[in-house]
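S.K.: My questions will all concern the structure given below.
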Amino acid sequence: MTGREWVERFAEEVGVDAPSEAEFDDVLRLAAAAAHGSERQAAPVATWLAGKTGKTIAELADLAEHLESS
């Protein structure tokens, strides 16, 4: 099973829509920025925090990339 397939099945199981292709890519951008700007464990925690903000994932990915370059 691919990562995308796993996410789609997980989304179905928890009762939410799976991310669009653009959202999927932005989540990966956010996770990459967190992992490369700090320790790898920051990636899943940052994505969890992102889900609590109500902001778009694209906006949060941009912010994470800004922090990584700071």
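The values are calculated or read from the model by the stated rules, or taken from the named source; none is laboratory data. Predicted, not measured: the structure shown is a model, and the values here were computed from it. Heads up, the Cβs are rebuilt from the backbone with ideal geometry, glycines too, and the neighbour counts pull from every protein chain shown. These accessible areas exclude ligands, DNA and RNA; they are computed on the full protein's heavy atoms, side chains included. Shrake-Rupley method; radii C 1.70, N 1.55, O 1.52, S 1.80 Å.
S.K.: Only Cα pairs under 8 Å and at least 6 apart count here; give the relative contact order of the chain as a rounded whole percent.
M.R.: 31 percent.
S.K.: Additional query: Evaluate the distance, in nm, between pseudo-label points positioned 7 Å from the Cα of PHE24 and of GLU39 along their respective Cα→Cβ axes.
M.R.: 3.1
S.K.: Another question, then. Counting other Cβ atoms within 10 Å, keep those with at most 16, restrict to DSSP loop, and tell me which GluC sites (Glu not before Pro) in the chain are left.
M.R.: Of the GluC sites (Glu not before Pro), the ones in loops of the chain whose Cβ has at most 16 other Cβ atoms within 10 Å are GLU39.
S.K.: How much of the accessible area of the chain, in percent, comes from carbon and sulfur atoms when a 1.4 Å probe is used?
M.R.: Ligands and nucleic acids excluded, carbon and sulfur give 56 percent.
S.K.: To test your reading of the geometry: what angle, between 0 and 90 degrees and rounded to tens, separates the Cα axis of helix 21-37 from the longest principal axis of the chain?
M.R.: Relative to the chain, helix 21-37 is tipped by roughly 40 degrees.
S.K.: List the trypsin sites (Lys or Arg not before Pro) within segment 3-59 that fall in a DSSP loop (any state other than H, G, I, E or B) and whose Cβ has at most 13 other Cβ atoms within 10 Å.
M.R.: The qualifying sites are ARG40, LYS55.
S.K.: Just the number please: accessible area per residue for the chain, 1.4 Å probe, all protein chains included, in Å².
M.R.: For the chain, the per-residue accessible area is 74 Å².
S.K.: Still on this model: Which label belongs to the value computed from this structure, given these candidates for Rg and Dmax of the Cα atoms in Å: (i) 11.7, 39; (ii) 13.9, 42; (iii) 12.3, 38?
M.R.: So the calculated entry is the one marked (iii).
S.K.: What does the extension gain come out to for LYS52 and HIS66, with contour length at 0.36 nm per residue minus their alpha carbon separation?
M.R.: Stretched out fully, the LYS52 to HIS66 stretch lengthens by 3.1 nm.
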